[in-house]
1. Excluding Glu108 itself, calculate the net charge of residues whose Cβ lies under 10 Å from the Cβ of Glu108, where each Lys or Arg counts +1 and each Asp or Glu counts -1.
2. Would you mind ranking Phe28, Phe13 so that the residue whose beta carbon has the fewest other beta carbons within 10 Å leads the list?
3. For Leu62, what is the net charge nearby, where nearby means another residue's Cβ is under 15 Å from its Cβ and Lys, Arg count +1, Asp, Glu -1?
4. Just add up the charged neighbours of His75: K/R +1, D/E -1, any other residue whose Cβ is under 14 Å from the Cβ of His75.
5. Leaving out same-chain residues fewer than 8 places away, which lysines sit with a Cα under 26 Å from that of Lys114?
6. Which order results if Tyr47, Tyr39 are arranged by neighbouring Cβ count within 10 Å, fewest first?
7. Quick one: what are the phi-derived ³J(HN,Hα) couplings along the range 123-139, Karplus 6.51/-1.76/1.60 with θ = phi - 60°, whole Hz, x for glycine and proline?
8. Which label marks the calculated value of Rg and Dmax of the Cα atoms in Å, given the options (i) 17.0, 59; (ii) 15.3, 61; (iii) 14.4, 45?
Amino acid sequence: MHVAKLNVIHPDFLFFLGLKEPQVIELFKDLREYILNIYPNCNELLYHTHALTTVFSISDKLSEAFCMIPIYTNHMNLGFNKGTLLHDPHQLLKGTGNLIRHIPVSKETDYRNKKVTDLVKVAIQLAIKDMDKPTKLTGTIISKIKSSK
């Protein structure tokens, strides 16, 4: 496990991100910045499984995450770990799973708007309400990716 501060993209993640198309890389960077501006004290957990994923959590636990950005082969989403529990008056969320929902992302206007900002804030409040115990770790990147080096 590697830990770093949020001001840069972690090298483990950056390696795999660099294998994506340039427009996907730029869109990811903008969406990541957007989330970090909404909640700068979050922790970022990094995974590389069926998707290259960054997860934003109020603690160091995946179970206390409020949203994520999975990058697949040809697309990415803004995912919400407890999406079915969120008040979504504008019906932005898609998906059929028991808990996770997402907003498909192909351009900045898919997320850079008040409706999505409000939804992210609701997700943060739900994560805080459901938190097991207060966290001491904030504003940190935690890589769960096996190093590419």
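Read-outs throughout are calculated quantities, based only on the coordinates presented, and are distinct from any laboratory measurement. Nothing here was measured: the structure is a model prediction, and the numbers come from that model. Don't worry about glycine lacking a Cβ; one is built from the backbone with ideal geometry, like all the others, and counts go over all protein chains shown.
1. Details: positive: Lys107, Arg112; negative: Glu26, Asp30, Asp110.
Taking every Cβ under 10 Å from that of Glu108, the sum is -1.
2. The most exposed by this proxy come first: Phe28, Phe13.
3. -2
4. Here the charged neighbours net out to +1.
5. Excluding near neighbours in sequence, the set is Lys29, Lys82, Lys94, Lys129.
6. Listed from fewest to most nearby Cβ atoms, that is Tyr47, Tyr39.
7. 5, 4, 4, 5, 4, 5, 4, 8, 4, 5, 8, x, 9, 9, 9, 9, x
8. (iii)
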